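One structure is given here, and the rest of the page talks about it.
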DNA sequence: AAATTAAGTTCCAAATAATGGAATAATGGT
DNA sequence: ACCATTATTCCATTATTTGGAACTTAATTT
């Protein structure tokens, strides 16, 4: 979709780790395995430096080098992620409420959190099948054109929101994608009042959603949940009706967090 | 299950990245979030050093620091892994054959590859009657007590196998877990001749499987596929009957790899 | 409430690892 | 066999990391 990092973290690109992460980003966001020369052109590092950096990443299993000398993301990342996901408290607490929402509507339900300028999907409950771990889970999507993203932005204090919007660069995915901070900000203000957000085919044509914000008291998690489906089945009127159950589910998740984590954090 | 890295890669623990990966391993393999002092004790680094290292990992989104000053795996890992998984060629090629095998048997099918001393599960197709078991895409499991693991080991040349066994430390999960290199080696030799492997409740009590080895011609992927299920439903006799279809599916996956990647690599 | 202990953070000279330009080696196409 | 492209190694220079100690903050005890 986009070949360069769309800012999942505000990470500096200096320091040994920072530079290596840029490379990891490059390779994981590419459309396929990259050869040394490809990365050389993209990274703009001297040959010797790049070669050693890639060697280190391969040695650690973060990248893999195939028989044709092409670099691909390493499988060690899967192990890290599986553990990161399996024990995530926010997800564990939200899980039953997502399932309930799916039961009530029959449509796909998502849980996502804001990280940098991206929404990372933490869970998904599909109408037809049980969760397929990485089919969608883990994917980072832009915050400005997703229901969960806009719901999350509506929770930010004005100064943080302003900072985020200032750094944001817009990609037009469909005819209705926001492409300016002004119109986006106007909608976010509305969402903050209403308490729910829509995605009117802004990320993918033919796909609509209604979302409600969710956050943990210590503000570690700022995100949202959504009901998503095809526009032909989900009229805007139906989505408006679903705003209430989505908000209720969001409320129950936050309640669950309070109970689980205790009041004084 | 085990709190220290069980060797998914042979990675050196020197160099800036190596040391940081040790920390990432520590935190992701822990049973829950760790405080600074916990990590200090586990990592054996000087305070100042550790503090900066953790700061860098947090800054890059590889770790997260919650309101109580506890470190947990970062969600950025999910994004990396989602991409690593989504475009993995081996998995993509194997997918239809796994589904077919699941259709034919009705039981859960796994695809795993050997990385270091661990099997990383790349895919899983749930059976018609899902069984609660400890398996998840991305999870690293020991090679010496899983069907896929033993099938993979049977593909290794003698010298590499000897090296791997020499470094292996055994944990007894059930009464039938291999706990010595000798008995394991004997079974692996048998598997190399027969072309399929069993897991006789060696990793999890009440869970059996039959597996067949799968590899890519360039040896980038050495792993296997398996049919897994509860012992009360899967008699050893039934598993023996399934050895043939599993091997056939394995053969078709390897054929798919040859076609997809071309013969001369 | 003050004292005590523990936990977490910052500082900076010394040790170590990363850098990058250039030379060398390997690969692949004709 | 040749040439062009691509990948790897080398090493003096440069930048980053290191780690002991001092310092700040938070928690616990007296």
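FYI, it's all coordinate maths here, none of it is from the lab. Just so you know, these numbers come straight off a predicted model, no measurement behind them. Every residue, glycine among them, receives a Cβ derived from its backbone with ideal geometry; neighbour counts consider all protein chains shown.
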Starting with the highest mean, order B:216-228, B:237-249 by the number of other Cβ atoms within 10 Å, averaged over the residues of each peptide. B:216-228, B:237-249
Given only helices, namely DSSP H runs of n ≥ 4 each adding -39500 (n - 2.57), what is the per-residue ellipticity at 222 nm of chain A, to the nearest 500 deg cm²/dmol? -14500 deg cm²/dmol
Expressed as a whole-number percentage, the relative contact order of chain A with C-alpha contacts under 8 angstrom and at least six residues apart is 15 percent
According to a simple spin-label model (label point 7 Å from Cα along Cα-to-Cβ), what is the distance in nm between residue A:167 and residue A:47? 3.5 nm
Sorted from shortest, what are the nm distances separating the label point of residue B:166 from equivalent points in the other copies, each placed 7 Å from Cα along Cα to C-beta? 5.9
Across peptide A:85-92, what mean number of C-beta atoms from other chains lies inside 10 Å of a residue's C-beta? 4
For helix B:236-261, report the angle its Cα long axis makes with the longest principal axis of the Cα atoms of chain B; keep it between 0 and 90° and round to the nearest 10°. 70 degrees
Using only Cα atoms, find the angle between the long axis of helix A:47-59 and the longest principal axis of chain A, and express it within 0 to 90 degrees, rounded to the nearest 10. 60 degrees
Ignore the peptide's own chain and count Cβ atoms of other chains within 10 Å of each Cβ in A:213-226; give me the average, rounded. 1
To the nearest 10 degrees, how steeply does helix B:76-86 sit against the main Cα axis of chain B, on a 0 to 90 scale? 20 degrees
Gyration tensor (alpha-carbon) shape descriptor, chain A, a/c threshold 1.5: prolate
For region A:15-79, what does the alpha-carbon gyration tensor say about shape, rounded, prolate or oblate, given a ≥ b ≥ c as the root eigenvalues, a/c under 1.5 as rounded, and a/b over b/c as prolate? rounded
7 Å along Cα→Cβ for the label point: how many nanometres lie between residue A:231 and each equivalent label in the other copies, listed shortest first? 5.6
Which distances in nm, rounded to one decimal and ordered from shortest, link the label point of residue B:46 to the equivalent label points in the other identical copies, with labels set 7 Å from Cα toward Cβ? 2.9
Partner chain coverage, peptide B:114-126 - average Cβ within 10 angstrom: 3
Would you please classify the overall shape of region A:146-265 from the alpha carbon gyration tensor, given that a ≥ b ≥ c denote the square roots of the eigenvalues, rounded means a/c under 1.5, and beyond that prolate means a/b larger than b/c while oblate covers the rest? oblate
